[in-house]
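To start, the structure itself, in structure tokens.
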Amino acid sequence: MIRAGVTVSEQVKDKASGWSARLAKLGLRSDWDYLLHLPLRYEDETQLTPITRLRPGVDAQVEGEVIACEVTRRGRPQLVARLADASGELTLRFIHFYPSQQKQLHPGRRLRAYGQVRGGLLGVEMIHPRVHPVEAGEALPQQLTPIYPTTAGIPQAWLRKRIERALRDVRITDTLPPEVCARWKLPPLDAALHGLHHPPPDADAAALSEHRHPLWTRIKFDELLAQQLSLREARRARAQQTALPLPAQHAGLSARLLAALPFKLTGAQRRVWSEIEADLAAAQPMHRLLQGDVGSGKTVVAALAAARAIECGYQAALMAPTEILAEQHFRRVAQWLEPLGVQVAWLAGKLKPKDKRAAVAALAEGSAQLAVGTHALIQEGVALPRLALAIVDEQHRFGVLQRLRLREGGGDGAAAPHLLMLSATPIPRTLAMTYLADLDVSVIDELPPGRRPVRTKLIANARREEVLARVRADVARGRQCYWVCPLVEESDEVEATAATQMFEGTRAALPELRVGLLHGQLPPAEKTATMQRFAAGEIDVLVATTVIEVGVDVPNATLMVIEHAERFGLAQLHQLRGRVGRGAEQSVCVLLYEAPLSEAARERLRAIYETTDGFEIARRDLQLRGPGEFLGQRQAGAPLLRFADLELDAAWAEAARTAAVELAEHHPAAARAHVGRWLGARGALLAV
């Protein structure tokens, strides 16, 4: 199969040289891919700087004659050349070089060199500058030089020529109607693309590189519009699907569960349950995200939704990403539902074959009405023939296809199960608007009565003895403590305290206390037993890795110590802090850090210290990490925004959402063409 826009001879050349795989890694297959392969930055080769006017730290271009060139062998071999113009001399240094470069730098050769200037023992120098031979008086370029994203073995010069050919050969048609462009004052697409690949010499190179130049407006708008159109189509397609209506039954299981709970729902829980109830009663599949900060009570709302499906005569499934979290869900939901006559099946990788066969059989025959487990729920041979509701906790930890398989795991396919996704990571508004526009979102924005915000303390590692004293004091008052470490075992590459080392050190420092160890490499049975002992109060200090990040609920634990807190992400720190403060007692989270801190680490620790508001932390986390890690889109394979920035371009995201409505309703053919151009087959994944 010949790639669009590439000749047969070039295709053969690519394969022979191994370029095909490299180009595919860059996403370069068709002419359109090359047109959208936009520069990372620009270099100004439109002017020359006399050597005597060079300043360290500044990129510059010089022209002169090579007066000397040699390979020095003091230590590592280096290629060193001296370049002279009428004003002075400059050293060109190559730490990695090829024989062809030494030939290119032959004395007497006239060259132009572009690079960053730095000070050296012999005066100013450039390390690995870009050089090319010229004739005396040769004209300078009349535009900024684009520097493109590339990979090993694909030269910039080849990319420029290939992109230039695409610009020459492709007739860039506009998918947007003129009135849309006029309304938002957008430049034509062909003008924007030509301008970004060939900016005029007076263009602001910094504004271009930082995506602030007006030429970028059209590209970012088109990308956001394609995403909004795709999500809008996903919602429309789901509205045409049928689902099993699950209306409330008189004196049904959900009502009995509410009456039997040892606590009353908060106002926020009642509100979101009302929203979910309305969705479940409809004949179209629910597609709802339930957000709630750590400890806000999402599990009981999920249990009510499962009870509604069961009271209507169907099955429900709850899938969680880790065995610890899944097992906690199982124990809590079974505690609520089994006394009401519900059979709950537990499925996880650690189950003995006999127990797994029994659980699978109970689900297949329908005697088990609720399945709780890990990804074992979507393995071959597991069937829920009357599945009407799929619940996915910490949904961003699963890929799109994993979530899809759970929904397809039951019934005859005539009716789609309702889908309820849970997340303890609040989604910032701009992120929800651009990535979750096809979802209905419910938010539990109220903690249960009696909960008190966790106090956060920043303590340098040099004051460790003070922390140990605090641990002793808390345990003496009958409380328990988590001590979290970033690694399981010592590593030469990362200077962080390992959990195993910390376990031994804590036992030695606190010999009078009962210390336990928990990490992901332990056998499942041992992990479960350790958590049960901690929950039962038989362990005073639990030394653990981030395996306890989600789902662990021990109200008596009031102290969380996070070792090397500077090495954790902001969302992780917030999740870990949420493991304490789950009872009425005042809880404390101690962030132990190793000085000096990097700027990024300082920003993370400042954010977690200043606020316990999950939405504010999520907003800052989005700024630090970007949407890919935040939503799990990388593992999912769904397209990320390549050009738009959710913080800087929030106004354009709003404009794109408005334009998507106009385009879909009045210009459907243009809408389809626009999505096809920007997303292609990848757009379909947004619908899952």
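The values are calculated or read from the model by the stated rules, or taken from the named source; none is laboratory data. The structure displayed is predicted, hence computed values, not measured ones. Counting neighbours? That spans all protein chains shown, and the Cβs are built from the backbone with ideal geometry, glycine included. The accessibility values were calculated without ligands, DNA or RNA, using every heavy atom of the protein model including side chains. Shrake-Rupley method; radii C 1.70, N 1.55, O 1.52, S 1.80 Å.
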- prompt: Picking from TYR314, PRO417, VAL80, whose Cα lies most toward the positive end of the charge dipole for the chain (charges on Cβ: Lys, Arg +1; Asp, Glu -1)?
  reply: TYR314
message: Just want to confirm a number: the relative contact order over the chain, from Cα pairs under 8 angstrom separated by 6+ residues, in percent.
response: 13 percent
- request: Calculate what fraction, in whole %, of the accessible area of the chain sits on carbon and sulfur atoms when a 1.4 Å probe is rolled over the protein chains.
  value: 53 percent
Amide proton proximity set for LEU246, modelled H, under 5 Å, gap of 5+: ALA281, ALA282
message: Can you give me the C-alpha center-to-center distance between segment 41-66 and segment 222-298, rounded to a whole angstrom?
response: 61 Å
- prompt: Where the centroid of each part is defined by its Cα atoms, how far is segment 317-379 from segment 164-199 in Å?
  reply: 55 Å
message: On a straight-distance basis, which aspartates and glutamates could pair with LYS527 in a cross-link, Cα separation under 12 angstrom, same-chain partners fewer than 8 positions away excluded?
response: GLU323, GLU327
Projected label distance in nm at LEU340 and GLU135, using a 7 Å step from Cα toward the beta-carbon: 8.8 nm
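Nothing charged except the Cβ atoms of Lys and Arg (+1) and of Asp and Glu (-1): what's the magnitude of the dipole of the chain about its Cα centre? Round to the nearest 20 debye.
On the way: 85 positive and 78 negative charges, 159 e Å.
Charge dipole, the chain, about its Cα centre: 760 debye, nearest 20.
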query: Given H placed 1.01 Å from N in the peptide plane, which residues other than close sequence neighbours of LEU513 have an amide H under 5 Å from its amide H?
result: none
query: Using modelled amide H (1.01 Å from N, peptide plane; none on Pro or chain starts), what sits under 5 Å from the amide H of ALA544, excluding residues fewer than 5 places away?
result: TRP483, VAL484, CYS485, LEU518
In order through segment 171-181: 3J(HN,Hα) via Karplus (6.51 cos²θ - 1.76 cosθ + 1.60), integer Hz, x for Gly, Pro: 8, 7, 7, 9, 7, 8, x, x, 5, 5, 4
- prompt: Along the charge dipole of the chain, which of HIS132, LEU573, ALA157 sits closest to the positive end, that is, farthest toward it, with unit charges on the beta carbon of Lys, Arg, Asp and Glu (+1, +1, -1, -1)?
  reply: LEU573
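Using a 1.4 angstrom probe with every protein chain in place, what is the largest-first accessible-area order of ARG479, ARG507, ARG672?
Values: ARG479 55, ARG507 110, ARG672 165 Å².
Correct descending sequence by accessible area is ARG672, ARG507, ARG479.
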Rounded to whole Hz, the Karplus (6.51, -1.76, 1.60) HN-Hα couplings of segment 602-611, x for glycine and proline: 4, 5, 4, 5, 5, 5, 6, 6, 7, 8
- prompt: Using a 1.4 Å probe, what is the accessible area per residue for the chain, in Å²?
  reply: 45 Å²
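Ordering ILE67, ILE172, ILE95 by accessible area with a probe of 1.4 Å, largest first, what comes out? All intermediate terms of the calculation are to be shown ahead of the outcome.
Details: ILE67 80, ILE172 25, ILE95 55 Å².
Sorted by accessible area, descending: ILE67, ILE95, ILE172.
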message: In whole Hz and in residue order, list the ³J(HN,Hα) couplings for segment 667-679 that follow from phi through the Karplus curve 6.51 cos²θ - 1.76 cosθ + 1.60, θ = phi - 60°; x for Gly and Pro.
response: 9, x, 5, 5, 4, 5, 5, 5, 5, x, 5, 8, 10
- prompt: For Cα extents along the principal axes in Å, the choices are [x] 76, 56, 46; [y] 89, 72, 51; [z] 92, 69, 45; which was calculated from the structure?
  reply: [z]
